[in-house]
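The values are calculated or read from the model by the stated rules, or taken from the named source; none is laboratory data. Treat the numbers as computed from the prediction; the structure is a model and nothing was measured. When we count neighbours, we look across all protein chains shown, and the Cβ atoms used for this are built from the backbone with ideal geometry, even at glycine. What goes into the accessible areas is simple: the full protein's heavy atoms, side chains included, and nothing from ligands, DNA or RNA. Shrake-Rupley method; radii C 1.70, N 1.55, O 1.52, S 1.80 Å.
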Amino acid sequence: MAEAIAVVGLTATVVTLLGASNKVLGHLYQFHSKFQEAPRTLRDTRTQLNLIVDIMEQIKNRCTDGSLTMDAKRALSPIVEDSLTQVTVLDGLIEKMLPTSTDSTLRRARKAIASSRKEKEVVAILGTLEKHMVGLTCYLSQESHKEMVAMRMMGCKSWLRPLDVGSMYQTKLPGTCDWIWTDPTFMKWNQPSSSDRLLCIYGTHGCGKSVLASSIVERLKSHQSQTLFFYFSGTDDSQRKLDSLVRTLLWQLQEFKDALGVEIVHKLMSEYPSVTPRLLDAFKEAARLVEGTVYCVIDGVDECIDDSTPKLLEYVQNLLNTTTNFRVVLLGRRHIPQANLWIKIDSSLIKHDIDAFIRHGIEKFPILKHPKLGDSVFKTLQEKSDGMFLWVELMIDYLKNSAMPSEVEKRLCNLPYGLEGAYRCLFSKLIEKLDDWQLDRAIKIFAFTTASCRALKVDELRYAYALGTGPSSTLGERLFLEPEQAILDVCGDLINITGGVVRLIHISVKEFLIRPKEKWLCVDDPKVMKFRVDLEATHRSLGLICVDYLGISEYGFPLHDPDAFLAFGTHHPFLEYASRHAIPHLNQSGPPSQITVDRINDFIESQGFVSWVEYLAMLLVDDVSNSMLVFELDTFKSWWGKGGHVWRLFEDKVRVSWRRELANRTRRFGVDDLRTEQWRNLVDLTESIEPDPNPGASSVALHEAPRGSSDAISQIMNFPNNYTTLPLHRQVGVILRLQSYLQRAKFLTDPLRRLLEIILLGADNIPSYVLLAIGMFYYRLNKLEDALRVFSATLTKVENREAPIKLVILESIGNVLWEQEKYQEAEVMYRRTLEAREKVLGKEHTSTLWSAYSLGCALEKLGKYEEAQAIHRQTLEGRKRALGKEHKDTLDSAYCLGHTLEMLERYEEAEAVYRQTLEARERVLGKEHGCTLWSAYSLGCVLAYREKYEEAEAMHRQTLKARERVHGKEHKITLESACRLGYVLVGLKKYDEAEAVHRQTLEAMEEVLGKEHAGTLSIACSLGCVLAHREKYEEAEAVHRQTLKARERVLGKEHEDTLWSAYKLGYVLMNLNKYEEAEAVHGQTLEVMEKVLGKEHTSTLWNAYSLGCVLAYRGKYEEAEAVHRQTLEARERVLGKEHEDTLWSAYKLGYVLMNLNKYEEAEAVHGQTLEVMEKVLGKEHTSTLWNAYSLGCVLEYRGKYEEAEAVHMRTLEARERVLGKEHGDTLWSACSLGRVLAYRGKYEEAEAMHRRTLEAREGVHGKEFMIALESAHKLRRVLEGWGTYKGVKDAHR
């Protein structure tokens, strides 16, 4: 009552003060309107009163909306009341000071005189009011700050979603658990000076670990210690995840450092993505702000989700390494090796507590403390407990049911050992106690409770049991009349009912019931095996029970009835469970039999299926955790196929059912009825939307707007603001309408351009599915950055949940990043998606395989070919098994495998894979399908790499013609084929045709892509190389210079392509004998290549090789030797001793050594190189023949004329066969052979050889050409040496 009066009093005073202030302001404004100049005091008064009005309006509003606390109201009241007093006095003074229109001249004069005296009073009042306003402003600011912090705290809590640890505490008996505080190990851990801050406490099931954990936390908190607590539970999915642990502990930290901690979390909320490691970073950041020791107790560490315990330990170690004030205790069933300090809970350690627990249990039941029994109950329980409180509790419950002391004694004699023994005993007693009807009931209840997807409510179990024991037509006759009693009567003490929910008393009961069959046969009474739970069979039973219930339930049109959703729980108790969990149960039930399939098909044909679809949509919107069902539907597809049933036929049946319902509603209610529209929107989401025929179009007009587009757009714009205030059925209706609209929209309208910012501001109020649909909408319109922002906001909402929609979002983000060419970030998203799908769906689920395929592609883009190859190979094998060898996706995986093998230079394997893929794609897709042509193109490339140029030429010509027909001659893909054909023609040494193809392709690329496009510059560089091959060095120089300048502008001077152009320019300059400039170009390029690409990159080594050649041509043989030696050593390390490039370096080193007159070493180098070349390249390869030629020259210089003659003779004969008799290289061999023959005195043969060389060179180059003149000179020398001067005169000419 007093509080209400205080509220009313403050509000009334504020309103009165506002009236008084506005009255004075009115006088002042009226005065100012007549007299433009006002005294300073009056101007200050007006300013102060305006401030008062603003502050009072704030206070009034906060009183009205209830945001002002009672303490604040009490604090503000005296200041507001005194302010009212001051303004009232001020009003009187102003009235006496200001003239009015009715005042006489004399009165005005008196007021003017009085105003000078009263001005001091006004100044004093203004001073008081100013102090009051400063105080009010500061107070309100502080309150606003507190409110802001409080609101942020609420926002952080909503985002973190910490678990309620209060519900995790387990109460200990007085006097128990005290042993821990005197345990030496625990005391060492608890010492401030101890460096060992991690303690492991472990023990078997039921030894009191959870009670001990709770007692440690309570004791620490009672001593005002800063304590964090979390409890993993294997029976509750929300308590099994590391994410839940970190979020809960992070929230608990806010109690110690609320404002700063909130800032950390608030910053985290705005980041993307907030994964568990980032949450841990935030936790550590917040932890560093906490002063003093912080204790962290984590119980049940072995019950966190599968394979997560090592990660948990890693997180804990990381926390302890980065903070010095944290102490952590972990409790679980197993010892943790990482902990230097550990305590094993055994029976001796907790003997006192076990004794106290036994005594407490005995005291509760008179039969157990009967004088006749003495201490026998206590002693027997003590001896057999083996340190297990749970066992003691079970046995006390077993003994208490005795009718007389003698029965207790008998039971004591046969008490089992251990939990399994206890369960065996209890189930045996149930069999003895129950009749056949009761036993059947117990078996079903235990099975359903064990296999249920969540803990069943009493009414849910009641309906499940009734449907599982007979036809649905007589359902009402089999419902328990007193369900709780009916359950407890047959299940003994092994089931608890608390809060209307049925649960097994401990997870160990479930572990006992689901043991493999062979374990039961070894030790159990065959009768007890009746209770064994066959999970597959039980899931099948529960799945079909759910389907049957959904088929017989009549609940109309849930989306049309505003009160339906809330009423369903009362009128249809099993509806929520059956709707949500029918599919998960079926997915775990083994391959579907024909009976199962028929039951499902009957359901699809029923009206219940229609109602279920609407109700399921409401469930998904009401609780996003139900989104896991989307994953289950995906798994359902695979499950359906396991029985040999065709999924496509099932899909068609569903579509027919949906369309039939739409026709029924249209006929029954009309086109514009809400029920018809909602179902039409549902149908829209299941039908495939035709792709936009012109995706590149840009327009702000919606040319063909979907039905009701203006209304839909209006709803979209208002959606974030009013969504949560709508009734559930309206929320679903709006979502369906928006998703249907966005799926049909093909252009970005003006309102939808503004939608993005509205969506991002209101993302917290929008369901994840709607955000996902909006993100997809922007993605379809190629608004990638906008799509990424929406997807990121969606991910933030579901980051800490293992929901299927989260994986769709992660994959969508990966796809956007892929399109943006951010492959490293895309890899992270794809990897997360793959890991989650493998865990949830299995490694060979089609969705998992798609994620693996995407990850493999991202790794390819990042150049991680080895890993990509392994993933593509696994995916290929998985898709073969799941989809078949010639499924399109399988062939895509095969193609990608071939590509990674190609990039790894495993060309033989790549060729085999490409051939198989090409043949399959031609059969499945047709010879001119885009994918088929890519296979042909890639096969052509690999054939070229393997120097199968004729076959490669045929493949590329065939692909080029097909692409010209399909895409047109100037399409980018067609030009790519033309480029490749040109490269192959170079390999075939068809340089004239290669030049023509390159010129045509370059011209087309310049027209289509632009002169400075990367593809255009690539073909220009290649044209320069072709011109060099044709010895058109001047033209080649011009092309390479032009390409180099363009690449420097477009790509930068240090880009790999730019450096390659520089290398090619240097090569051409060398062939133009512009050695000085060539040396400068190669030297500069080498320096940059070593910096950018690395000293042992293949391009770097080619440039170094060319630099060595130029130095040799300039006579700088010592420098050339050093460069070639370094290049040779590097190529041997990188490529191997038998690689062709390595052999060329060895050949050039031998050549330089020869010019340095190091003939012995040169001979050794050329000899070794020749041996390897003949083995690797073949005896008649052009490179082999050049090395053989040089070896012959070295032998000649060393005076080994006989050996030199033999080598030159073999080389000449081989060159004649390979190159022809008039080829320049052949004539060099002939010339050298003639010289050696002359040295050996075989002048006649030498003359014949030199005449042949002279005639050929004159024919090719002309008589005046330098090489021809050199041949004539050598002929003269031979003739002179022969001793006859026959023909010498002609030779001189």
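Taking each residue of the stretch 17-28 that is more than 9 Å from I94 (Cβ to Cβ) and looking for partners that are open to solvent by less than 40 Å² (accessible area, probe 1.4 Å) and of a type in the set (S, T, Y) with beta-carbon atoms closer than 7 Å, six or more apart or interchain, yields L17/S83. Only one of the listed residues (A996, A944) is in a helix (DSSP H, G or I), of a type in the set (G, A, S) and either in contact (Cβ under 8 Å) with a residue 24 or more places away in the chain or within 24 Å of K1074 (Cα to Cα) (or both). That residue is A944. What about Q58, is it open to solvent by 80 Å² or more (accessible area, probe 1.4 Å) and either at pLDDT below 70 or of a type in the set (S, T, N, Q) (or both)? Against the criterion (open to solvent by 80 Å² or more (accessible area, probe 1.4 Å) and either at pLDDT below 70 or of a type in the set (S, T, N, Q) (or both)), Q58 qualifies. Taken over the stretch 436-479, the criterion of being open to solvent by 10 Å² or more (accessible area, probe 1.4 Å) and within 24 Å of S402 (Cβ to Cβ) is satisfied by Q438, L439. Within the stretch 1105-1143, the set of residues being buried (at least 18 other Cβ atoms within 10 Å of the Cβ) and over 23 Å from Q1084 (Cβ atoms) comprises T1142, L1143. Contact annotation: residue pairs with Cβ atoms under 6 Å, 6 or more positions apart or on different chains, pairing a residue in the stretch 627-642 that is at pLDDT below 60 with a partner that is not in a helix (DSSP H, G or I), are S627/A803; M628/A803.
Mind checking whether some residue in the stretch 1259-1268 is closer than 30 Å to N1157 by Cα, open to solvent by 60 Å² or more (accessible area, probe 1.4 Å), modelled with pLDDT under 90 and assigned to a loop (DSSP other than H, G, I, E, B)? Yes, some residue in the stretch 1259-1268 is closer than 30 Å to N1157 by Cα, open to solvent by 60 Å² or more (accessible area, probe 1.4 Å), modelled with pLDDT under 90 and assigned to a loop (DSSP other than H, G, I, E, B).
The set of residues in the stretch 916-965 being over 37 Å from the mean Cα position of the chain (by Cα), acidic (D, E) and open to solvent by 70 Å² or more (accessible area, probe 1.4 Å) consists of E947, E950, E951. Quick check on my filter: what residues within the stretch 846-875 are touching a Gly at 6+ places or on another chain (Cβ under 8 Å) and over 13 Å from T900 (Cα atoms)? Scanning the stretch 846-875 gives T848, L849, A852, S854, T875.
Only a single item in (1) touching a Ser or Thr at 6+ places or on another chain (Cβ under 7 Å); (2) open to solvent by 60 Å² or more (accessible area, probe 1.4 Å) is not met by E886, and it is number (1). Pick from the stretch 810-845 the residues that are more than 18 Å from E867 (Cα to Cα) and among the charged types (D, E, K, R): which of them is nearest to the chain's Cα centre (by Cα)? Selected residue: E811. Listed by position, the helices (runs of 4 or more DSSP H) inside the stretch 518-614 whose residues that are at pLDDT 90 or above and closer than 28 Å to R659 by Cα number at least 1 are 535-552, 575-587, 594-605. Would you point out the residue of the stretch 1084-1094, among those that are in contact (Cβ under 8 Å) with a residue 24 or more places away in the chain and surrounded by 15 or more Cβ atoms within 10 Å (Cβ to Cβ), that is farthest from the chain's Cα centre (by Cα)? Only one residue tops the list, namely T1085.
Exactly one residue out of E860, E821 is farther than 30 Å from Q588 by Cα, in a loop (DSSP other than H, G, I, E, B) and either touching a helix residue (DSSP H, G or I) at 6+ places or on another chain (Cβ under 6 Å) or open to solvent by 10 Å² or more (accessible area, probe 1.4 Å) (or both), and it is E821. Reported count of residues in the stretch 416-435, each being open to solvent by 50 Å² or more (accessible area, probe 1.4 Å), more than 20 Å from D534 (Cα to Cα) and assigned to a helix (DSSP H, G or I), is 3.
Scanning the stretch 1181-1202 for residues that are acidic (D, E) and surrounded by 17 or more Cβ atoms within 10 Å (Cβ to Cβ) gives a single hit, E1196.
When L430, L439, L390 are screened for being in contact (Cβ under 8 Å) with a residue 60 or more places away in the chain and touching a His at 6+ places or on another chain (Cβ under 7 Å), only L390 passes.
Scanning the stretch 1035-1078 for residues that are assigned to a loop (DSSP other than H, G, I, E, B), open to solvent by 40 Å² or more (accessible area, probe 1.4 Å) and not polar (S, T, N, Q) gives L1051, K1053, E1054, H1055, K1074.
Within this structure, R462 fails the test of being under 49 Å from the mean Cα position of the chain (by Cα) and over 16 Å from C546 (Cβ atoms). In this entry, R1030 is excluded by the filter for residues that are open to solvent by 80 Å² or more (accessible area, probe 1.4 Å), under 46 Å from the mean Cα position of the chain (by Cα) and farther than 25 Å from L1111 by Cβ. Before we move on, is L1177 open to solvent by less than 60 Å² (accessible area, probe 1.4 Å), out of contact with any Ser or Thr (no Cβ under 8 Å at 6 or more places or on another chain), over 30 Å from E1077 (Cα atoms) and touching a residue at least 24 places away in the same chain (Cβ under 8 Å)? No. From the residues in the stretch 336-374 that are assigned to a helix (DSSP H, G or I) and charged (D, E, K, R), which one is surrounded by the most Cβ atoms within 10 Å (Cβ to Cβ)? Among them, the one singled out is D353. Scan the stretch 886-894 and give yes if some residue there is of a type in the set (K, R), assigned to a helix (DSSP H, G or I) and either more than 30 Å from W639 (Cα to Cα) or out of contact with any Phe, Trp or Tyr (no Cβ under 9 Å at 6 or more places or on another chain) (or both), otherwise no. Yes, there is a match, as at least one residue in the stretch 886-894 is of a type in the set (K, R), assigned to a helix (DSSP H, G or I) and either more than 30 Å from W639 (Cα to Cα) or out of contact with any Phe, Trp or Tyr (no Cβ under 9 Å at 6 or more places or on another chain) (or both). Picking from residues in the stretch 832-845 that are touching a Gly at 6+ places or on another chain (Cβ under 9 Å) and part of a helix (DSSP H, G or I), the one that is farthest from K806 (Cα to Cα) is R832. G1220 fulfils the conditions (1) surrounded by 15 or more Cβ atoms within 10 Å (Cβ to Cβ); (2) under 15 Å from R1257 (Cα atoms) except for a single criterion, (1).
For F230, the criteria (1) modelled with pLDDT under 85; (2) under 21 Å from L312 (Cβ atoms); (3) in contact with a helix residue (DSSP H, G or I) (Cβ under 6 Å, 6 or more places away or on another chain); (4) of a type outside the set (K, R) hold in every case but one, which is (1).
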